[in-house]
Structure formats: structure tokens, C-alpha cells
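Working notes, beginning with the structure itself.
The values are calculated or read from the model by the stated rules, or taken from the named source; none is laboratory data. From a predicted model like this one, the values you see are computed outputs, not experimental measurements. With ideal geometry, Cβ positions are generated from the backbone for all residues, glycine too; neighbour counts draw on all protein chains shown.
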């Protein structure tokens with residue numbers, strides 16, 4: 001009897017063990033649903049037409065790319081391509097592709113798909129901003145299929161750092177009837193409710209496995225709720241309805257950190273920067289004497305010296321920002337010119353510099369040598385609290401030099417119209433959201449002929465010697481194959497920008513995010529997407545989630 | 001006067017008096033940045049704490065109240081005067097003038113106000129001092145806010161035009177401007193007063209709405225609108241209850257105005 005009972009107990013234990021093992025295996029495989037918010041409606045699901053943050057997030061989670069910039073190490077890593085080689089002249093890149101990979105709909109992946117994607121990407125009628133980065137010189141970009149797993153892409157002129165650009169190119173299927181719905185990334189778009197949410201489900205054919213040989217991704221699905229209101233997003237996160245917030249403001253960060261320190265993550269200075277600049281456009285509708293101030297290097301440098309960047313970082317961002325040095329954040333490990341330092345706050349030196357070029361104080365107000373009181377307006381976009389606060393603090397800093405500053409907040413369309421079309425403004429405070437580590441991503445800013453050369457855009461020929469020098473150096477770095485030479489050129493660009501201060505760099509805000517404790521494997525970084533760059537390896541802990 | 005109206009009157013007078021005495025009550029001023037103490041809680045030095053860049057909240061509330069409470073009536077005066085001219089005259093003249101004025105007022109009322117204000121504000125010159133910007137903001141509100149009042153006034157003036165005493169005055173040989181000034185306008189006074197009082201809270205709230213969009217009074221000058229903007233991102237009332245003071249003040253003053261207004265509406 002006892003023997004039977006013992007046997008029965010042993011059988012029960014064995015059965016329970018089996019059930020437990022099966023359940024644990026199922027839990028590991030069945031990773032649940034990750035939830036977070038998109039700040040706006042995705043404008044497209046076509047990976048080649050992506051131009052907005054929400055679509056970018058979806059492309060990152062669904063698109064398969066040949067190579068991927070590791071968001072943690074900032075190094076380039078092979079993905080669909082096992083290896084790649086760039087020709088000596090910098091015009092041809094040859095990829096060796098992985099074999100045995102299928103799209104989410106089961107159609108096989110081969111070099112034909114890469115060729116199809118590149119042809120579509122470079123089609124001028126598509127107007128792809130991703131494709132624009134690949135345009136170099138005149139002539140078409142062509143492809144040469146060497147075999148099912150090897151392809152060369154030939155450019156009319158060399159593109160420096162071209163291999164990194166493929167991080168943005170999600171490969172599309174040449175043959176699938178599902179078009180962009182057939183993907184090579186870890187997730188597929190399963191459902192889209194306009195104005196409400198996007199549901200991504202695990203791609204059953206995803207090719208990657210984890211170190212234990214289990215198929216990735218671990219998560220079953222990701223629900224992206226479309227929510228533009230940041231207050232609501234934070235409330236939902238606090239309630240446990242969301243698992244992460246990719247980017248949060250310093251105000252929210254501090255409040256969250258005060259209540260739940262383990263959930264708030266500060267990854268350090270990001271690649272983003274906020275800066276101020278003066279309107280130097282020759283035919284801008286501003287008084288001639290003001291244009292003379294704004295075009296004076298001494299005036300710009302004096303303003304830069306008068307601004308207390310440490311206060312901006314500490315007060316406006318609660319310490320979650322660093323005084324900015326120049327066009328490249330110190331977070332950009334390779335391209336940052338470490339010889340440069342942020343302009344220190346030296347109001348006395350600023351006054352001396354101004355006095356040296358004819359400015360003088362009179363009854364507490366600053367006047368130029370023509371007797372005009374120094375007064376100008378700073379425009380910034382309404383709704384951006386950090387920029388509004390920075391503008392008000394600059395107003396006070398410059399007030400100590402006797403300069404009267406009027407802060408004007410405008411709705412974004414009006415602001416853009418003023419700074420890029422009518423040039424009817426004097427100074428502006430705005431920011432640059434940098435997603436590209438390579439300086440080629442800033443060509444549209446630094447070339448004097450560029451539309452985004454904010455202080456004086458679309459010049460037919462460089463109006464100053466230093467702008468001509470920046471043009472030369474930027475073109476040189478963009479065409480040089482030697483990385484060391486490129487770095488030297490771009491280091492010099494950074495030095496010229498520091499000397500001339502066309503942009504007065506203010507701060508590099510830190511990359512702040514919030515991640516629930518139920519998300520395991522998260523390692524928030526500074527590169528976009530900060531929190532879910534390793535989404536395929538994230539898991540959810542049901543126990544922690546239930547306790548929230 | 002009922003107790004409630006007396007209380008409302010005391011509240012409005014006390015708030016106005018405190019705002020006018022801001023220079024003495026808050027000598028630090030509304031613009032000084034105590035950068036070593038941003039977002040500080042209430043203390044002996046800062047009765048309502050400091051804002052995100054270290055400015056004394058108590059001073060900003062007092063000065064903001066002064067601006068909103070002084071300029072909103074001024075804007076109401078402008079809009080009521082415009083309404084009296086357009087609505088009163090159209091109603092008095094009648095016929096095609098009345099139809100045109102009503103059509104024009106209807107058209108004005110159908111305009112998307114907020115977008116119109118944003119557009120007008122964006123077209124303004126940039127290099128104006130904060131004080132000028134606040135005057136312009138309220139002037140715009142006053143110039144754009146006449147239509148509803150004009151419609152009411154045109155109806156009242158139309159009724160007066162057809163009233164027996166005006167007919168009798170006409171029969172006695174009184175015509176034109178003299179008839180309007182002597183007989184019509186005095187009888188429109190109660191409606192004008194009512195429209196004036198109604199407009200004040202409307203303009204305060206309009207400026208607050210513009211302020212929430214960052215398009216109201218220019219920095220560093222405070223207004224109720226810019227003070228209310230600070231409530232954005234306040235996730236829990238319990239964390240920093242002192243930040244609710246501008247909102248409470250707005251509600252109290254608006255309620256007081258409404259209570260006083262109900263008293264004024266009786267003769268209308």
C-alpha cells in the first residue's frame with residue numbers, strides 16, 4: 001500500500017515536473033505583449049518612405065537590414081549580410097548575404113530582393129529621404145547580382161561611410177504579393193487602428209536565435225498606442241498600462257525618479273543639441289545695423305560667452321544635460337573633437353569683446369558704435385518648455401550686458417515660415433535631433449548652399465571665407481575613403497564652428513527614458529530607438545507585471 | 001445685496017488690491033531668477049515657492065493677476081464699444097443695415113477663433129517689449145470679440161426702434177443722431193453693461209488659452225495664462241498643491257464675477 005502510494009506520489013511529482021518544465025519553456029517562448037506609445041500617427045508603413053519618428057520606430061521593429069549599428073557600442077554589425085567589402089575607389093560595396101532566410105510570408109530572401117530594394121529606393125519618383133543619403137554625383141546607382149547570396153551596389157561617386165547608411169534600408173521582397181507587409185525583421189504589422197494603435201506580432205520566420213538556440217524574438221507582440229499627450233503617457237506608465245517610454249522630458253524624469261527610482265533611466269548626453277543662431281541672410285527684412293551685429297564674429301562670440309550653459313543644464317534640464325561644445329555631442333565617441341571645450345560663462349570677457357568692436361554701455365543699456373541700442377528678439381517654438389525656459393534665461397544673462405532681448409514663441413508652422421522662407425526674424429533657439437553618427441548626415445546643415453544652413457541658407461557661393469573652408473572640408477570628408485582623413489577634416493569643421501559661432505551651441509540633453517521593471521533585458525542607450533533597440537531580445541516578467 | 005454677492009465683491013476688491021500692491025508685497029519682482037533654487041517648495045522667502053527657472057511664484061501670481069484683471073476689462077471695453085457702434089447703430093437703422101450687421105457678426109462668430117488669434121499673433125512684429133505684447137494681445141482680443149455682443153445689441157436696438165416711445169419721439173420731429181443719443185442709447189445701457197461684464201471673464205479665459213499655447217503675454221511678464229501653463233505635466237495634485245494657486249484664483253475670481261454679473265443682469 002505504502003509502495004503504491006509512494007509510486008503514485010512519484011508519478012504525481014514527475015507529472016508536475018513535466019508540466020512545470022513545459023510551462024517554463026512555453027513562458028520563455030511565449031513572451032507576452034510589450035506596450036508603449038507612439039507620439040504621433042505613423043505616416044507610412046512603406047520602409048523606404050519613412051520620414052517621421054513613428055514610422056521610424058515601426059521600421060526598426062519590422063524591417064530587416066543588411067547591417068545594423070549597434071545602439072550600445074555604436075559599431076556596425078552584420079545582419080542579413082554576413083560580410084561586406086568596399087572597393088578602393090569607394091564607389092562599390094559588395095555584400096555577402098546569409099542563406100536560408102525567409103520573409104515573414106515565407107518567400108525566400110536573396111540578392112534579388114536587395115537589388116529590388118535599391119532600385120526602388122533610388123527611384124527619383126519615390127522621393128525617399130532614405131534614398132537621398134545615397135545620392136552622390138550625377139548618374140544612377142546600379143546593382144550587380146553576383147549570385148543568390150552576393151550582390152554589388154555601384155555608386156556614381158564615392159560615398160564616405162556608405163556602409164552605415166544601410167542601417168536605414170529595410171530590405172523588401174521582390175516577389176512577395178504582400179509588398180511591404182512581407183518583412184525580414186523580428187515583428188510584422190498585424191493590425192493598425194488609425195488614431196488608436198498599431199499591433200506588431202512576432203515574425204514566425206525571423207532568422208535570429210539567442211545564445212541558447214531559442215528563436216527570437218521572445219515577445220509575442222508589441223502594442224504601440226498612438227498617444228500624443230505626454231501627461232497621459234506618463235500616467236499610463238505609472239499605472240502599469242505601458243512598459244516603457246522611449247524619450248521623456250527632464251521634468252517627468254525627476255518626478256518619476258523621485259517616486260520610482262528604478263524605472264527612470266538616464267543614459268547620459270544624447271546626440272541631440274539645442275542651439276541659438278542669428279539671422280545673417282543678406283536680404284532679410286531686418287535693419288542693416290542689426291545685420292552688421294549678427295555678421296560680426298565678435299558679437300556672436302560675446303553672446304556665446306555671456307550665456308551660462310551650466311545654469312541652462314542644471315536649471316532647465318535638472319542636471320540631465322551637458323553644456324554643448326559644438327556640432328557633435330561628446331556622446332558621439334568617434335567623431336567628437338575632444339580638443340574642444342564648451343564656451344565657459346565669462347560675462348566680463350564678453351563685455352570686453354563687445355567694447356573692442358565699438359559697443360558701449362550707457363545708463364545700463366548697450367549701444368553699438370552708431371548709437372543704436374542693442375535689442376533683438378529670439379524666436380522659438382511654442383510648446384517646447386525647455387527651449388522657452390532657455391530663451392528666458394538667455395534673456396536674463398544678456399540683460400546683464402545691457403542687451404534687451406524679447407522672447408517670442410510662435411506656433412511651429414509660423415516659425416518655420418519665418419526662419420526658412422521669409423527670413424523675418426533676428427535670432428532663434430531651436431534644436432537638432434541627430435540620429436546619425438556620421439557627419440555626412442549633417443551635410444544639409446554645413447554646406448553653404450544647403451537649405452538647412454540656417455543662419456544664411458542657399459548661398460550661391462560662400463559669402464565668407466570660413467564658410468568656404470567648411471564647404472571644402474565637408475566635401476573632402478564626404479568623399480575620402482580614409483577614415484582618419486575624414487576625421488581630421490571634420491575635426492577642423494568643429495574648430496571653425498567654435499571660432500565663428502554661427503550656431504551658439506547651448507546644451508546636449510541627456511537621453512532619458514522610463515522602463516518598467518517587468519521588462520527584462522532592456523539597456524537604454526543614447527541612440528534612437530533608445531529603449532527598444534534590442535526589442536527582439538526583450539522579455540517580460542509576468543510576475544513583476546502582475547505586481548504593478 | 002445678498003451675502004454671496006457681498007462676498008464676491010470683497011473677493012474681487014481684495015484680489016485687485018493685492019495685485020496692485022504687488023511691488024510692496026513681492027519686492028523681488030516677477031522676473032528675477034533665483035537659479036540656485038528652481039522649483040523650490042514654499043518657504044519664508046518664497047511664499048508659493050519658485051517656478052522651474054527659480055522665479056518667485058507669489059510675485060508672478062500677483063503681477064499676473066494685475067495684468068489679467070486690468071487688461072481684460074480694457075479689452076471688454078473695446079469690444080463692447082465696437083459692439084455698441086456696429087450692433088446699436090444697425091439695430092437703430094434697421095432694414096438692410098441690420099441684415100448686413102447681423103450677417104457680418106454671424107460670419108465673425110463662425111470663424112475659428114483660436115486659429116485666427118494664432119495667425120494674428122504670428123503676424124505681429126517680433127521685436128516688441130513684453131509690455132507692448134501684452135497690450136497687443138488684449139487689444140486683439142478686444143477687436144475680435146465684439147460680434148456676439150453686437151448681435152445682442154442689434155436685437156435690443158431693433159426692439160427699441162419699433163417701441164412706442166421712439167415712434168412718439170419721431171412723431172414729435174426728433175430724428176437721426178439726436179434720437180439715437182437721447183432715446184435709444186440710454187435704453188441700451190443695461191445691455192451694454194451686461195455685455196461688458198460678460199466679456200471680462202471671456203477675455204481672461206481667452207488670454208489663458210493663448211497662454212497655454214505659448215502665444216499670450218511675452219516672457220518674462222506673467223499672466224494667468226502663462227501661470228496656468230505651469231500646470232502642464234502636474235501628475236498629482238498632492239505632490240505640489242501650491243502650484244494650483246493660479247487655477248484656484250482664476251476659478252474664485254471668475255465665480256465672483258459671475259455672482260456680481262447676475263446682479264447686473266436684473267435691469268437688463
message: So, restricting to strands (runs of 3 or more DSSP E) that lie completely within region A:26-133, which ones have at least 2 residues that are within 23 Å of residue A:192 (Cβ to Cβ)?
response: A:33-38
- prompt: Which of the residues spanning region A:200-216 are free of Cβ contacts under 8 Å to residues at least 24 places away in the same chain, part of a loop (DSSP other than H, G, I, E, B) and at negative phi?
  reply: A:211, A:212
Where residue A:187 falls short, out of the listed (1) within 14 Å of another protein chain (Cβ to nearest Cβ); (2) in contact with a helix residue (DSSP H, G or I) (Cβ under 9 Å, 6 or more places away or on another chain): (1)
task: Pull up region A:392-427, narrow it to residues that are buried (at least 18 other Cβ atoms within 10 Å of the Cβ), assigned to a loop (DSSP other than H, G, I, E, B) and touching a helix residue (DSSP H, G or I) at 6+ places or on another chain (Cβ under 6 Å), then point me to the one that is farthest from the other protein chains (Cβ to nearest Cβ).
output: A:401
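Just one of A:344, A:285, A:327 is part of a loop (DSSP other than H, G, I, E, B), in contact with a strand residue (DSSP E or B) (Cβ under 9 Å, 6 or more places away or on another chain) and loosely packed, with under 15 Cβ neighbours inside 10 Å; which is it?
None of the other options fit; the residue is A:344.
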- line: When every residue in region A:360-383 that is buried (at least 19 other Cβ atoms within 10 Å of the Cβ) and without any contact (Cβ under 8 Å) to a residue 40 or more places away in the chain is compared, the one farthest from the other protein chains (Cβ to nearest Cβ) is A:366
- prompt: Out of all the residues in region A:428-440, is one or more buried (at least 20 other Cβ atoms within 10 Å of the Cβ) and within 14 Å of chain B (Cβ to nearest Cβ)?
  reply: yes
field: Wholly within region B:149-248, helices (runs of 4 or more DSSP H) carrying at least 2 residues that are within 14 Å of chain A (Cβ to nearest Cβ)
entry: B:185-212, B:224-229
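Only one of these is away from chain A (no Cβ under 14 Å), at pLDDT 90 or above and buried (at least 22 other Cβ atoms within 10 Å of the Cβ): B:7, B:62, B:25. Name it.
B:62
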task: Name the single residue, out of those in region A:297-310 being in contact with a helix residue (DSSP H, G or I) (Cβ under 9 Å, 6 or more places away or on another chain) and surrounded by fewer than 20 Cβ atoms within 10 Å (Cβ to Cβ), that is farthest from residue A:400 (Cα to Cα).
output: A:297
task: Looking at (1) assigned to a helix (DSSP H, G or I); (2) in contact (Cβ under 8 Å) with a residue 40 or more places away in the chain, find the lone condition where residue B:97 falls short.
output: (2)
task: Please work out which one of (1) touching a helix residue (DSSP H, G or I) at 6+ places or on another chain (Cβ under 7 Å); (2) modelled with pLDDT under 85; (3) surrounded by fewer than 21 Cβ atoms within 10 Å (Cβ to Cβ) is the condition residue B:252 fails and give its number.
output: (2)
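Filter region A:253-275 down to residues that are under 21 Å from the mean Cα position of the chain (by Cα) and over 13 Å from residue A:515 (Cα atoms) and give me whichever is surrounded by the fewest Cβ atoms within 10 Å (Cβ to Cβ). Break it down stepwise before answering.
Initially, region A:253-275 is screened for residues under 21 Å from the mean Cα position of the chain (by Cα), giving A:253, A:264-275.
Subset that is over 13 Å from residue A:515 (Cα atoms): A:268-275.
Numbers: A:268: 15, A:269: 23, A:270: 25, A:271: 23, A:272: 22, A:273: 25, A:274: 23, A:275: 21.
Looking at the filtered set, the residue picked out is A:268.
Yes/no per residue for (1) surrounded by 17 or more Cβ atoms within 10 Å (Cβ to Cβ); (2) assigned to a loop (DSSP other than H, G, I, E, B); (3) in contact (Cβ under 8 Å) with a residue 12 or more places away in the chain:
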| site | (1), (2), (3) |
| --- | --- |
| A:174 | yes, yes, yes |
| A:180 | yes, no, yes |
| A:185 | yes, yes, yes |
| A:189 | yes, no, yes |
| A:198 | yes, no, yes |
| A:218 | yes, yes, yes |
| A:228 | no, yes, yes |
| A:232 | no, no, no |
| A:236 | yes, no, yes |
- request: Scan B:131, B:116 and give me the residue that is in a helix (DSSP H, G or I) and in contact with a helix residue (DSSP H, G or I) (Cβ under 7 Å, 6 or more places away or on another chain).
  value: B:116
field: Residue within region A:532-543 that is more than 28 Å from residue A:326 (Cα to Cα) and assigned to a strand (DSSP E or B) present
entry: yes
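Rundown of residues vs (1) over 24 Å from residue A:285 (Cβ atoms); (2) in contact with a strand residue (DSSP E or B) (Cβ under 8 Å, 6 or more places away or on another chain), yes/no style:
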position: B:105; (1), (2): yes, no
position: B:108; (1), (2): yes, no
position: B:120; (1), (2): no, no
position: B:124; (1), (2): no, no
position: B:129; (1), (2): no, yes
position: B:135; (1), (2): no, no
position: B:140; (1), (2): no, no
position: B:148; (1), (2): yes, no
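Table: residues versus (1) assigned to a helix (DSSP H, G or I); (2) surrounded by 18 or more Cβ atoms within 10 Å (Cβ to Cβ).
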| residue | (1), (2) |
| --- | --- |
| B:30 | no, yes |
| B:37 | no, no |
| B:42 | no, no |
| B:53 | no, yes |
| B:76 | yes, yes |
| B:82 | yes, yes |
| B:86 | yes, yes |
